[in-house]
Amino acid sequence: MNLRLLVVTAALAASSGCMTFDDLFFNPTQVDAYDLSYNVVPADNVEEVAFQTPDGETLYGVWARQDSRAPPLIYFHGNTGSINDAWSKVELFWSWGRNDVFVFDYRGFGKSTGAPDHEGVLGVDGETAAAYVVDTSGWSDDAVLWVGHSLGGSVALHTAGGRTPGAIVTEATFSEPGDIMLDSTGMAFPTGWFFADAFDNVAAASAIGAPYLVIHGLDDDYISSAAGERLYAAAPDPKELWQPDGVGHSDLFELDPEGFETQVFAFTSAWMGAVAP
């Protein structure tokens, strides 16, 4: 992956001198139907939904509901695949028994219409999904937990600029595009030298109004754990940083699901009060 990224970066830079981060970072998988397992979440607890964005796209999402009413957890998945690929994470969150879990596909991902771009995914889709959950669940924003992985953490942080959930958790999220350039190529470039669009998660983190838990594995070889430290430093209190040892970019829920649950539960219990998951 790193070699491919280096070649693509060099070629695009040579031809244009500047590119959008969209050209590298969005890797959607489109599907005609979702193929979900019901080994953990019973089929009767699963509901597929569709909702409209203000600019006319149709986003698809899936609820994994508890047997009794529970506050929502919105999962913002990463930059590849679709809900199909995120489903094992949804199953983990649902198995905690504390939340109805909602996952959705950004534009161009899964069954959602359109093509992914910076303004659409970060500027529209996250806000639309968060509003949909509040409007249809009966829970207020301060009862909703947002969890984002990688790109999903970026979407959550940027969405928080206009909406404040009960708490935000990001896992393995970059601070700005230079993180990936540095970790993939070994070369540091000034912010904005390669990329026309901001994707500035440090600025987004500094503006959030929700309690913030930053999770970043110390052995992440795609985005250095230093990126998590920068997000943590930028965010206002209350905040916490957890850097699990031996964990890479996408394997925390497989390597240490109990630790993951413990950290999230302790943080949300401290800062979300009576509605903590």
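Derivation of every value follows stated rules applied to the coordinates shown; laboratory data play no part. Everything numeric here is computed off the predicted structure, so don't read it as measured data. Ideal geometry is used to build each Cβ from the backbone, glycine not excepted, and the neighbour counts take in all protein chains shown.
Region 54-130 has equivalent-ellipsoid semi-axes of 24, 13, 9 Å, by the square roots of 5 times the alpha carbon gyration tensor eigenvalues, sorted largest first.
Spin-label model, THR113/ASP35: points 7 Å from Cα along the beta carbon direction are separated by 2.6 nm. Near ASP245, once Lys and Arg are set to +1 and Asp and Glu to -1 for all other residues with Cβ below 10 Å from its Cβ, the sum equals -2.
LEU255 label point, 7 Å along Cα→Cβ, cut-off 19 Å on backbone N: hits in region 202-230? Zone members listed by number: 214-230.
All other residues whose Cβ lies under 11 angstrom from that of ARG65 are scored, Lys and Arg at +1 and Asp and Glu at -1, for a net of -3.
Each listed q (0.17, 0.30 Å⁻¹) maps to a log10 I(q)/I(0) for region 42-96 from the Debye sum over equal C-alpha point scatterers, namely -0.62, -1.38. Reported to the nearest whole Å, the Cα centre-to-centre distance from region 114-160 to region 26-41 is 19. Calculated on C-alpha atoms, the gyration radius of region 74-181 divided by its Kirkwood radius gives an Rg/Rh of 0.94.
Each residue, ASP67 and ASP219, gets one label point 7 Å from its Cα in the Cβ direction; the gap between the two is 3.8 nm.
Full extension of the chain segment joining ASN45 with ASP85 gains 12.5 nm, where the gain is 0.36 nm per residue of separation less the Cα-Cα distance. Considering only SER68, TYR106, VAL121, the residue lying farthest towards the positive end of the dipole of region 61-122 is SER68, judged by Cα position with unit charges set on Cβ.
Full extension of the chain between THR58 and ALA131 yields a length gain of 24.8 nm, computed as 0.36 nm times the residue separation minus the alpha carbon distance.
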